[in-house]
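Below: one structure, written as structure tokens.
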Amino acid sequence: MTTDEAEFDVVVAGSGAAGMTAALTAAHRGLRAVVLEKTDRFGGSTARSGGGIWAPGNEVLRRAGVRDTPEQAAAYLAHVAGGGVPEASRAALLAHGPDMLALVRASTPVDFAWVPGYADYYPEAPGGVAQGRSVEPVPLSARVLGAELARLNPPYLPAPEFVTITQADYRWLSLGTRHPRAILTAALVSARAARSRLSGRRQLSMGQALAAGLRAGLASAGVPVWLGAPMTGLDVTGGRVTGVVVTREGRPGLVRARRGVLIATGGFERNEEMRRRYQRPPIGTEWTTGSAGNTGDGILAGEAAGAALGLMDDAWWGPSIPLSGGPYFCLAERSLPGCILVNAAGQRFVNESAPYVDAVHAMYDADSPAVPHIPAYLVFDQRYRNSYVFAGMPPRKPLPRRWYRAGAVFRGASLAELASQIGVCSAGLAKTVARFNEFAEAGRDEDFRRGESAYDRYYSDPRCRPNPNLAPLARAPFYAAKIVPGDLGTKGGLRTDERARVLRQDGTVIPGLYAAGNASASVMGHSYAGAGATIGPAMTFGYLAALDMAGSA
Ligand SMILES: Cc1cc2nc3c(=O)[nH]c(=O)nc-3n(C[C@H](O)[C@H](O)[C@H](O)COP(=O)(O)OP(=O)(O)OC[C@H]3O[C@@H](n4cnc5c(N)ncnc54)[C@H](O)[C@@H]3O)c2cc1C
């Protein structure tokens with residue numbers, strides 16, 4: 001079909017979790033849908049991601065025996081997302097997340113498993129669940145995609161060929177050989193790799209499995225995905241959005257939408273101008289791990305059609321190391337015992353094991369401009385380096401020279417030498433380490449309570465006593481990694497209602513226009529409920545948009 005004559009019931013811009021789930025739902029409601037993708041690969045940040053999904057009360061969690069109730073989940077989300085997020089949107093997420101996941105399981109080859117113990121990020125808050133409410137894709141054969149595999153956006157951290165690692169594996173692998181579960185997990189991952197290699201069958205995991213599964217579901221349902229087909233604007237007739245202006249094969253065209261258009265074009269993490277306009281300095285595009293195509297196109301198109309914007313100052317932040325090959329988003333690294341995060345004065349300023357969004361908010365919220373928290377430094381000793389995986393490097397292995405040359409990591413024979421290398425106050429660092437080492441011996445962090453939350457302890461060393469997140473920094477040489485405010489993408493965008501319909505400033509609906517995922521202002525507000533709290537809502541509001549277009553919301 002040529003673009004000039006194209007007409008569908010539902011036109012979706014963006015082939016990430018939000019867009020593909022919406023198109024899949026529309027097709028299963030008997031609508032004709034198309035997905036337009038700007039880049040020559042499908043999957044966006046979703047394909048690069050951990051593929052975790054936060055959807056309380058879903059059938060996979062129930063089957064795994066996670067104890068939860070709708071009332072508990074509602075209390076938790078109200079506490080976490082705060083008053084800025086309408087109650088109706090929070091309720092819609094919780095009511096429809098389980099149906100959305102059931103549809104994806106029934107109409108694609110991807111299945112899901114509970115991530116055991118990956119606690120909600122505030123498990124001690126009202127309604128929080130320490131066992132965790134996250135599910136992740138079960139490894140999936142790459143064959144489900146056939147030739148389309150070549151067009152799957154690559155993962156953020158590629159594993160060696162035939163090696164498949166899940167989120168649940170990563171928790172234990174980060175412990176090197178410090179725990180029997182770590183050794184067992186390494187053996188299972190090796191056995192899985194050997195099976196794959198022998199059979200010649202690659203297995204996909206995490207975000208690769210999610211994006212591949214959704215794409216395969218679209219293929220089965222006969223939904224076309226047009227690659228290299230950017231939406232460049234919206235077609236508006238009589239106040240209603242009636243289609244999308246697209247460039248395809250170098251030619252502009254119009255794709256008409258009988259029922260509606262869904263903006264699922266991701267965030268604006270790769271748009272330098274928008275980041276500077278909306279976000280606090282220092283900011284740019286070099287510290288994000290989001291997908292290259294996410295330049296805010298859908299947000300700008302929606303705004304031009306009269307949409308209100310929200311949460312543009314915020315992002316799915318995370319402390320990151322600016323390595324030579326790109327930013328490294330720290331998870332286990334800053335939570336495992338034997339490291340501290342310090343500012344220019346050599347002082348700690350946050351619980352190092354805190355949820356990643358909170359840790360970066362603390363980086364931006366320095367009390368005094370004279371003592372910035374950006375960059376911060378993650379300081380650790382040789383015991384820590386000998387014990388745990390660091391940014392993908394096995395324990396004991398020397399960190400690559402190129403990281404030192406890039407000024408991303410440093411090493412000093414003493415704390416004083418390290419402090420002078422990183423330009424941090426030497427007396428301040430010595431005092432901080434001495435105080436922290438006392439906390440580690442006592443097992444109690446008097447300053448930031450690190451290790452007290454079940455969330456902190458997800459990435460911890462159970463063999464480290466008395467507190468699995470605290471160990472002294474005592475064994476030279478000492479190391480520091482530069483820490484900048486990275487992100488997984490932005491979370492501000494078009495304001496929407498509980499049916500994913502785009503709203504104007506006065507709260508009225510723009511007929512025919514929907515938004516989901518990072519192109520929309522997040523239902524999480526300024527927070528992050530738990531692992532999967534970006535993809536879970538992206539898929540659920542994509543699903544709800546399609547139901548609304550089908551007239552069955
Ligand atoms: C390394 C990493 C790990 C992560 N892990 C998790 C996790 O485990 N759980 C979780 O919840 N979140 C995670 N995230 C965040 C999550 O991946 C994103 O928030 C989510 O995938 C966004 O989904 P989306 O559908 O809104 O956008 P995306 O998946 O980014 O898809 C948007 C698509 O729109 C396309 N596009 C842009 N402009 C246009 C245009 N003009 N026309 C057509 N197409 C366009 C883009 O090229 C892209 O393909 C992670 C992110 C990263 C980078």
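Values quoted throughout were computed directly from the atomic coordinates according to the rules given, and no laboratory measurement underlies them. Just so it is clear, the structure is predicted and the values come from calculations on it, not from any experiment. Cβ coordinates were reconstructed from backbone atoms using ideal geometry, including for glycine residues, and neighbour counts include every protein chain displayed.
Numbers at a glance
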{"read-out": "Loop GluC sites (Glu not before Pro), region 234-309, which have at most 12 other Cβ atoms in a 10 Å radius of their Cβ (DSSP)", "value": "Glu249, Glu286"}
{"read-out": "Reciprocal of mean inverse Cα separation for region 470-541 (Kirkwood radius, Å)", "value": "15.0"}
{"read-out": "Rg over Rh, two decimals, region 99-169 (C-alpha only, Kirkwood Rh)", "value": "1.05"}
{"read-out": "Cα pair count fraction exceeding 15 Å, expressed as % - region 1-75", "value": "67"}
{"read-out": "On Cα atoms only, tilt of 206-221 relative to the major axis of the chain in degrees", "value": "10"}
{"read-out": "Rounded to 10°, Cα long-axis angle of helix 426-442 versus longest principal axis of the chain", "value": "90"}
{"read-out": "Fraction of alpha-carbon pairs over 13 Å apart in region 161-234 - percent", "value": "74"}
{"read-out": "Magnitude of the charge dipole, region 438-553, Cβ model with Lys/Arg +1 and Asp/Glu -1, debye to 20", "value": "240"}
{"read-out": "Average silhouette area of region 23-140, convex hull of alpha-carbon atoms, in square nanometres", "value": "8.9"}
{"read-out": "Value of relative contact order over the chain, rounded to a whole percent, pairs C-alpha under 8 Å and six or more apart", "value": "23"}
{"read-out": "For the chain, share of DSSP beta bridges that run antiparallel, in % to the nearest 5", "value": "75"}
{"read-out": "Cα-based convex hull volume of region 82-204 per residue, rounded to whole Å³", "value": "158"}
{"read-out": "Kirkwood Rh, Cα atoms: Rg over Rh of region 311-433", "value": "0.94"}
{"read-out": "Selection from Thr39, Pro56, Leu101, by position along the positive dipole direction of region 1-104 (Cβ)", "value": "Pro56"}
{"read-out": "Low-density loop positions, chymotrypsin sites (Phe, Trp or Tyr not before Pro), region 405-472 - DSSP coil, at most 13 other Cβ in 10 Å", "value": "none"}
{"read-out": "Over the chain - Rg/Rh using Cα atoms and the Kirkwood inverse-distance radius", "value": "0.98"}
{"read-out": "Over region 146-303, equivalent-ellipsoid semi-axes from the Cα gyration tensor in Å", "value": "39, 23, 12"}
{"read-out": "Magnitude of the charge dipole, region 1-114, Cβ model with Lys/Arg +1 and Asp/Glu -1, debye to 20", "value": "420"}
{"read-out": "D_trans [Stokes-Einstein, Kirkwood Rh over alpha-carbon pairs] for region 426-493, 37 °C, 0.692 mPa s, µm² s⁻¹", "value": "233"}
{"read-out": "Convex hull (Cα only) mean projected area of region 311-371, reported in nm² to one decimal", "value": "5.3"}
{"read-out": "Equivalent ellipsoid semi-axes, region 209-268, via Cα gyration tensor eigenvalues times 5, rooted, Å", "value": "23, 14, 12"}
{"read-out": "Degrees, to the nearest 10: 17-28 long Cα axis against longest axis of the chain", "value": "30"}
{"read-out": "Stokes-Einstein diffusion coefficient of region 411-453, Kirkwood radius over Cα pairs, 25 °C, 0.890 mPa s, in µm²/s", "value": "215"}
{"read-out": "Region 1-137 - share of DSSP beta bridges that are antiparallel (%, nearest 5)", "value": "55"}
{"read-out": "Dipole magnitude of the chain about its Cα centre (Cβ charges: Lys, Arg +1; Asp, Glu -1), debye to nearest 20", "value": "1720"}
{"read-out": "Dipole of the chain, positive end: most advanced residue of Ala212, Tyr384, Gly525 [Cβ charges, Cα centre]", "value": "Tyr384"}
{"read-out": "Cα-Cα P(r), region 370-459, percent of pairs per 10 Å interval", "value": "13, 38, 40, 9"}
{"read-out": "Fully extended contour minus Cα-Cα distance, from Ala292 to Thr508, at 0.36 nm per residue", "value": "74.5 nm"}
{"read-out": "Loop trypsin sites (Lys or Arg not before Pro), region 146-231 (other Cβ atoms within 10 Å of the site Cβ: 13 or fewer; DSSP)", "value": "Arg201"}
